């Protein structure tokens, strides 16, 4: 079984909530996750962001639900770091 | 739930709209009560229960008007904004925070818009109810009600002043002057 340690997502989000509130909501709902949001492009109603999430075990689907629940859409997974859990000795 | 509603309010900047509606419609309610009570004051003596009924009727009408008008107009605006946002993100936002905001914020704004004149009216009518309850007042019930109306309008102005960063006293005096002009016109026309 593998654990997701780090994931970098290309996310298109509305202006509200702003990047600070957006990151805060993700971090509040998923304890143990470090969230970084970098705004790369801004247009009239939306902004393109790079969202980096780090944790010992990222609950990926729950995070996707949180992001889409905030009105954002995930365009792509740009980077991912996964580690396997050590197998118990027989 | 309160935290969720506050989040939806912040998402749509609806707290600024709600504050504006609270003051505007609160002002409407207070000035309506002032006009009514000044009208009664300038006519032959009217029984207190009649004044209470008339004021309550006007307050209820203002409440229903505020609720309905704000809900209809805010709902239309929120739906339009949601549709434009959906086009921008190329997706359905019905089940997101924005969709929930489009459904709930008009209700909350309507409640503020509808109940602010009612709140002001009930506050201003307090001396009338106290008089009916047999509590003695420093002036007649109607005069105390008129004074309460002036005070309420001053307080609304002072609140506006603190919100806009102006000195609360000048802002309060400005709305008090508006109230005095209104009272003067009603007295003039009543004679």
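Only Cα pairs under 8 Å and at least 6 apart count here; give the relative contact order of chain A as a rounded whole percent. Don't jump to the answer; show the numbers that get you there.
Working: 167 pairs, mean separation 42.9, N = 90.
Once normalised by length, the contact order is 48 percent.
Assuming R0 = 25 Å, can you tell me the calculated FRET efficiency for the pair residue A:6 and residue B:107, based on Cβ-Cβ distance, to the nearest 0.05? Walk me through the intermediate numbers first.
Numbers: r = 42 Å, r/R0 = 1.66.
Efficiency, rounded to the nearest 0.05: 0.05.
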Open item on the list: What do you get for the angle between helix B:2-11 and the principal long axis of chain B? Use alpha-carbon atoms, 0 to 90 degrees, nearest ten.
Closed with: 70
- [ ] Can you tell me the 0 to 90 degree angle between the C-alpha axis of helix B:168-190 and the longest principal axis of chain B, rounded to 10?
- [x] 60
- [ ] Based on other C-beta atoms within 10 Å, arrange A:51, B:111 from fewest to most.
- [x] B:111, A:51
TODO: Estimate the FRET efficiency between residue A:15 and residue B:173 by the formula 1/(1 + (r/R0)^6), using the beta-carbon distance for r and 25 Å for R0, to the nearest 0.05.
DONE: 0.05
Task: Distance in nm between pseudo-label sites at residue B:147 and residue B:50 (7 Å out along the Cβ direction from Cα) - done: 2.4
Open item on the list: Just want the ordering: B:177, A:26, B:135, from fewest to most Cβ atoms lying within 10 Å of their own Cβ.
Closed with: B:135, B:177, A:26
Open item on the list: For a quick size check, give me the Cα extents of the protein assembly as shown along its three principal axes, largest first, whole Å.
Closed with: 98, 43, 34
Open item on the list: Can you give me the Rg/Rh ratio for region B:1-63, using Cα atoms for both radii and the Kirkwood formula for Rh?
Closed with: 1.24
Task: Residues of region B:22-57 with amide N under 18 Å of the 7 Å Cα→Cβ point at residue B:163 - done: B:22-32
Task: region A:31-60 residues near the modelled residue A:74 label - backbone nitrogen below 12 Å, point 7 Å along Cα→Cβ - done: A:51-53, A:58-60
Task: Calculated log₁₀ intensity ratio I(q)/I(0) where the Debye formula runs over C-alpha points of chain A, q = 0.16, 0.25 Å⁻¹ - done: -0.60, -1.31
- [ ] Using only the Cα atoms of chain B, each taken as one equal point scatterer with no solvent, compute I(q) by the Debye sum, divide by I(0), and report log10 of the ratio at q = 0.11, 0.12, 0.14 Å⁻¹.
- [x] -0.59, -0.68, -0.84
Open item on the list: Rg and Dmax in Å for region B:145-184, alpha carbons only: what are they?
Closed with: 9.8, 30
Open item on the list: Quick check: the angle from helix B:14-42's long axis to the longest principal axis of chain B, C-alpha only, nearest 10 degrees?
Closed with: 20
Open item on the list: Sort B:152, A:76 by Cβ crowding within 10 Å, fewest neighbours at the top.
Closed with: A:76, B:152
Task: Estimated inter-spin distance, residue A:82 and residue B:180, nm [label 7 Å along Cα→Cβ] - done: 7.8
Task: Percent RCO, i.e. relative contact order, over chain B, from Cα pairs under 8 Å lying at least 6 residues apart - done: 31
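Values in this text are rule-based calculations from the coordinates and carry no lab data. Everything numeric in this text was worked out from a predicted model, so none of it was measured. When we count neighbours, we look across all protein chains shown, and the Cβ atoms used for this are built from the backbone with ideal geometry, even at glycine.
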